[in-house]
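The values are calculated or read from the model by the stated rules, or taken from the named source; none is laboratory data. Not measured: the values here are computed from a predicted model. Quick reminder, even Gly has a Cβ in these numbers, built from the backbone with ideal geometry, and neighbours come from all protein chains shown. Note: accessible area is taken over every heavy atom of the protein model, side chains too, but ligands, DNA and RNA are not part of it. Shrake-Rupley method; radii C 1.70, N 1.55, O 1.52, S 1.80 Å.
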Amino acid sequence: MPWNEKDYPDSMKNLPDRVREKAIEIANALLDDGYEEGRAIAIAIDRARSAVGKGHGNDDERPIYRLQPKENSEGWHLIKKADKQSLLSASTKEGLSEKAKDYVKKHDGILIIYHADGSEERRLYEN
């Protein structure tokens, strides 16, 4: 059964809308060509990111964002990996988490979430 914008693989749920639409189109075409479902999904996501990313800067490298505690003060902030300026901030990690996830998904980035001690907790949206 072909996928559509209301029924698609779980691995596509966190993709930006434009990327997900393209991934669904590509995955359906790959299934029609006889690809196994899991392989079709992985290939489709990769190709969709490349196709949608064209014309939007370097499509070989997605932006990396960090949700981490602020230095020398209380609170948490979201920063782009190479920058020091806060994009979003809040007094608690929990208070910032959903906003940060939405921001990173909208910008088709990768999110690295840190513990309060500065160690890495987990990575989201790498695939």
Exercise for review: Would you mention how many residues in region 1-17 are outside any loop (DSSP other than H, G, I, E, B), more than 13 Å from ARG47 (Cβ to Cβ) and either open to solvent by less than 60 Å² (accessible area, probe 1.4 Å) or not acidic (Asp, Glu) (or both)?
Suggested key: 1
**Study point:** Single condition LYS84 does not satisfy, out of (1) among the basic types (Lys, Arg); (2) closer than 16 Å to ASN14 by Cα; (3) loosely packed, with under 10 Cβ neighbours inside 10 Å
**Key:** (2)
Revision key, fill the gap. The one condition ARG49 fails out of (1) touching a residue at least 40 places away in the same chain (Cβ under 8 Å); (2) basic (Lys, Arg); (3) part of a loop (DSSP other than H, G, I, E, B) is (3)
**Study point:** Residue selected from region 70-79 under the condition assigned to a loop (DSSP other than H, G, I, E, B) and on the phi < 0 side of the Ramachandran plot, by the criterion nearest to the chain's Cα centre (by Cα)
**Key:** LYS70
Study note, to complete from the structure: Of ALA40, ALA82, the only residue that is in a helix (DSSP H, G or I), of a type outside the set (S, T, N, Q) and either under 20 Å from TYR125 (Cα atoms) or free of Cβ contacts under 8 Å to residues at least 40 places away in the same chain (or both) is ALA40
Check your understanding: Mind checking whether some residue in region 54-67 is touching an Asp or Glu at 6+ places or on another chain (Cβ under 6 Å) and not charged (D, E, K, R)?
Key -> no
